[in-house]
1. Going through the stretch 163-178 one residue at a time, which ones are near the ligand (Cβ under 9 Å from one of its atoms) and either aromatic (F, W, Y) or touching a Cys at 6+ places or on another chain (Cβ under 7 Å) (or both)?
2. Scan the stretch 286-319 for residues that are polar (S, T, N, Q) and within 16 Å of the ligand (Cβ to nearest atom) and jot them down.
3. One residue is enough: does the stretch 307-328 have a residue meeting the conditions under 18 Å from A5 (Cβ atoms), surrounded by fewer than 16 Cβ atoms within 10 Å (Cβ to Cβ) and free of Cβ contacts under 8 Å to residues at least 60 places away in the same chain?
4. Within the stretch 193-221, work out how many residues are crowded, with 16+ Cβ neighbours inside 10 Å, among the small types (G, A, S) and either touching a residue at least 60 places away in the same chain (Cβ under 8 Å) or within 15 Å of the ligand (Cβ to nearest atom) (or both).
5. In the stretch 100-144, which residue that is away from the ligand (no atom under 16 Å from the Cβ) and among the β-branched types (V, I, T) is surrounded by the most Cβ atoms within 10 Å (Cβ to Cβ)?
6. Restricting the search to the stretch 197-247, which residues are of a type in the set (K, R), out of contact with any strand residue (DSSP E or B) (no Cβ under 9 Å at 6 or more places or on another chain) and part of a helix (DSSP H, G or I)?
7. Would you point out which residue out of G64, G70 is surrounded by 15 or more Cβ atoms within 10 Å (Cβ to Cβ), touching a Lys or Arg at 6+ places or on another chain (Cβ under 7 Å) and closer than 20 Å to A147 by Cβ?
8. Give me a count of the residues in the stretch 6-52 that are within 14 Å of M181 (Cβ to Cβ) and among the polar types (S, T, N, Q).
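Nothing in this text is a laboratory measurement; each read-out follows from the coordinates by a stated rule. Nothing here was measured: the structure is a model prediction, and the numbers come from that model. Here Cβ is always computed from backbone atoms with ideal geometry, including for glycine, and neighbour counts include all displayed protein chains.
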Amino acid sequence: MIPIARPQMGDEEKDLVWSALSSGALAQGARVRELEERFAEFIGTPYAVATSSGTTALHLALLGNGIGPGDEVVTVPFTFIASANSILYTGARPVFVDVQEATFNIDPDLVEAAITPRTRAIMPISLYGQPADMPAIAAIADRHGLAVVEDACQSHGAAIGDRRSGTWGAGCFSFYPTKNMTTGEGGMLTTADGEVADRARLLREHGMKVRYHHDTVGYNFRMTDIHASIGLGQLPKLAGYNARRRSIAARYDAELRGVITPPVKQGVTHVYHQYTIRVNRRDEFVEQLRERGVGTGIYYPIPVHRQKPFVALGYGDQRYPVTERLTDQVVSIPVHPSLTDEEVSTVIAAVNEVAALLGPIDGAPA
Ligand SMILES: Cc1ncc(COP(=O)(O)O)c(C=O)c1O
């Protein structure tokens, strides 16, 4: 079976982890600081704050922008639940708007109508590795005096022109094992705002600047030096990993038939955390691919507003037609950098065979 993800660990990561273990300095320390500096440089932001996960990076980015009870944050329901949960953790309320069919990302044309006097921030998700329309979102945020918190958990190294994901407002990255780079578990908040970075650092460590003197109620959202060591081994390889993902995606774009492949706007660098196609009779499609030895993923089978905790909060009757249609059609096929050219050919042959068997989806190029 060709798996949907296959994390790659080399001798660099093993040597760096071994050196951290041998040093005896295991908690957040010099290696975490080094990863923060290198990641900030890679993304192109003055500050980066390492965290225990992408979820805690999102939570800290919201708190760092002063978001709390009574506030509203505009976001989308077509995402991993952590995006919307991070808003709930602060006591604020997510206000959903639908996504664009072509990009799977927030539709900027719908954002302004969702803004109320309580709105404090917009949280676009750069889903599957393609940046949301960040210039449009940043312009709306500027007009209304709102913060921008980009969920960049899937878009390490993605860019619009030469500006990377994570440089508009706060950027929040995940280093979960399947991501374009990993630390095992971990996350990073990037920002150009020194006050947001300071506040995130304070809250990451129980509100403590001076040892055991606590200025506020904070959290333990620290990354360990062991996890940071994995990241220090991975980061120099990220550009190469992303290039390989893009070259596999280029073959899929050119060779897949009977399915809708993901279009990319000119000037956008998509880093294909997932290569997500839209297909006819999706559940049968997945089963047929499995029978041909191709693993797949459905990201995500239920939109956030239909998940149980959100139904309990009263979101269940809201309607997001594009999200709901995409939820029934999307399937992600393997695009990770360790795929061999033969495996890529196997995926292409299997997808084309199954699409011919089940019939093309409406809108697929002939
Ligand atoms: C879009 C999105 N948001 C948030 C997260 C949360 O990141 P983590 O799993 O590191 O907490 C993830 C990753 O799992 C994600 O894909």
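1. Matches in the stretch 163-178: C172, F173, S174, F175, Y176.
2. Q307
3. No: the stretch 307-328 contains no residue that is under 18 Å from A5 (Cβ atoms), surrounded by fewer than 16 Cβ atoms within 10 Å (Cβ to Cβ) and free of Cβ contacts under 8 Å to residues at least 60 places away in the same chain.
4. 2
5. Here the residue is V111.
6. If the condition is that a residue be of a type in the set (K, R), out of contact with any strand residue (DSSP E or B) (no Cβ under 9 Å at 6 or more places or on another chain) and part of a helix (DSSP H, G or I), then R199, K237, R244 are the ones that fit.
7. Going through G64, G70 in turn, just one is surrounded by 15 or more Cβ atoms within 10 Å (Cβ to Cβ), touching a Lys or Arg at 6+ places or on another chain (Cβ under 7 Å) and closer than 20 Å to A147 by Cβ: G64.
8. The qualifying residues number 1.
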